[in-house]
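Enquirer: Next up is a structure, given as structure tokens.
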Amino acid sequence: MHRRRPTSGWPLTVKYRNRIEEGEDSILTVQRARHGRFRCFPRTVRRLTVAEARESATFPAMSEVPLQVLAVVGSLRERSVTRIVLEHVVERLRARGAAVDLLDLSLEPLPLYNPDTAYDHPAFPPLQARVEHADVYLLGTPDYHGSISSPLKNFLDHFWREFAGKLFAPLVASHEKGLTAIDQLRTVARQCYAWSLPYGVSFLEDDVGEDVVLNPKLVQRLEMFEHDARVYGSLLARQRRADLAGVDPGFLARYRK
Ligand SMILES: Cc1cc2nc3c(=O)[nH]c(=O)nc-3n(C[C@H](O)[C@H](O)[C@H](O)COP(=O)(O)O)c2cc1C
């Protein structure tokens, strides 16, 4: 005899915001049975204003603290093209509301990392506060022997927990697309429980003039890069804050204070 599936204990429950336009904002609870049928339970929550509706449709919400970016120049060269490209992205980020802290390792040199002494160095606590404060790390490096530069690696070695749940965004000066250097930054991100953009941007010396990015294709790629670093950085920052404040068993649980 055919029996109807009981309505309680359905396996999957999804809740999502039903409408993001002016008017009623409702939460729609959808339950889906294994055999594919759906049950919906709309529940009106409250009315949204136009501004709120627009805000909830884009990230980050305008009412939130601005995205905090730490931009690290990993070349010590005076006429570094990495610095010029990084500054180009920094300007765009600032113009779109991000707060950017520029760390130029040629102006603020870090001693070579030694675990026995690094944390007692007077320069460490203020730098740690800057690293801790950031949501996104814009990491600029020249490609040296298919690797990231030693100043950038030295900077990264000083930190670990500070990077967890945040976003790495790599920029590489390279004659060879910088893929191995980008991969190394992804590896560092993984080791530190950070996220990485799914791509990096590389460029040649000829793409850059005296203090300006010349190549229009690179300008276009940097627009995309700036957008993605800002948008995905904001999403991750928001979720990271929620996870740190919450009680759910995500990977950030271990970083709760
Ligand atoms: C020691 C050294 C090693 C380098 N190795 C590579 C390399 O393996 N692949 C590459 O594409 N470029 C390599 N380069 C070239 C630099 O990546 C390139 O000149 C870059 O634009 C320098 O960036 P900067 O102007 O920001 O310092 C190397 C340069 C130096 C000095």
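Enquirer: Counting Lys +1, Arg +1, Asp -1, Glu -1, what net charge surrounds residue 114 among other residues with beta carbon under 13 Å of its beta carbon? Display every interim value, and only then the final one.
Expert: On the way: positive: none; negative: 116, 120, 157.
Net charge in that neighbourhood comes out at -3.
Enquirer: With a/c under 1.5 counting as rounded, go ahead and sort segment 99-175 into rounded, prolate or oblate using the C-alpha gyration tensor (a ≥ b ≥ c being the square roots of the eigenvalues; past the cut-off, prolate if a/b is larger than b/c, else oblate). All intermediate terms of the calculation are to be shown ahead of the outcome.
Expert: Working: a/c = 1.75, a/b = 1.24, b/c = 1.40.
Judged from the Cα gyration tensor, segment 99-175 comes out oblate (a/c at least 1.5, b/c at or above a/b).
Enquirer: Pull out the extension gain between residue 223 and residue 235, defined as 0.36 nm times the separation in residues minus the alpha carbon to alpha carbon distance; nm, one decimal.
Expert: Value of the extension gain: 2.5 nm.
Enquirer: Would you kindly compute the Cα radius of gyration of segment 68-241 and its largest Cα-Cα separation (Dmax), both in Å?
Expert: Cα only, segment 68-241: 15.0, 47 Å (Rg, Dmax).
Enquirer: Test of understanding: what is the full-extension gain from residue 102 to residue 193, defined as 0.36 nm times their sequence separation minus their Cα-Cα distance?
Expert: On the way: separation 91, 0.36 × 91 = 32.76 nm, distance 2.29 nm.
Extra length from residue 102 to residue 193 when fully extended: 30.5 nm.
Enquirer: Label-point separation (nm) for residue 160 and residue 130, each offset 7 Å from Cα along Cα-to-Cβ?
Expert: 2.3
Enquirer: Before anything else, pin down the relative contact order of segment 68-241: Cα pairs under 8 Å, at least 6 apart, normalised by residue count, whole percent. Provide the component values of the computation, followed by the final result.
Expert: On the way: 286 pairs, mean separation 44.4, N = 174.
Value for segment 68-241: 26 percent.
Enquirer: Would you work out which of 111, 127, 100 lies farthest towards the positive end of the dipole of segment 74-127, given +1 charges on the beta-carbon of Lys and Arg and -1 on that of Asp and Glu, about the Cα centre?
Expert: Of the listed residues, the answer is 100.
Enquirer: Here's a follow-up. Output the pairs from 153/257; 166/217; 153/177 with a Cα-Cα distance over 22 Å in this structure; if there are none, say none. The partial results should precede the final answer.
Expert: Details: 153/257 28 Å; 166/217 28 Å; 153/177 19 Å.
Flagged as over cut-off: 153/257; 166/217.
Enquirer: Please compute the length gained on full extension between residue 205 and residue 121, using 0.36 nm multiplied by the number of residues separating them and subtracting their Cα-Cα distance. Present the calculation step by step, with values, prior to reporting the outcome.
Expert: On the way: separation 84, 0.36 × 84 = 30.24 nm, distance 3.54 nm.
Gain on stretching residue 205 to residue 121: 26.7 nm.
Enquirer: Treat segment 147-257 as a sphere of radius equal to its Kirkwood radius over Cα pairs and apply Stokes-Einstein at 37 °C in a medium of 0.692 mPa s; give the translational diffusion coefficient in µm²/s, rounded to a whole number.
Expert: Working: Rh = 15.5 Å.
In µm²/s, the coefficient is 212.
Bear in mind that the values in this text are calculations on the coordinates, not laboratory data. Just so we're clear, the structure is a prediction, and the values are computed from it rather than from any experiment. Positions of Cβ are generated from backbone atoms using ideal geometry, with glycine treated the same way; all protein chains shown enter the neighbour counts.
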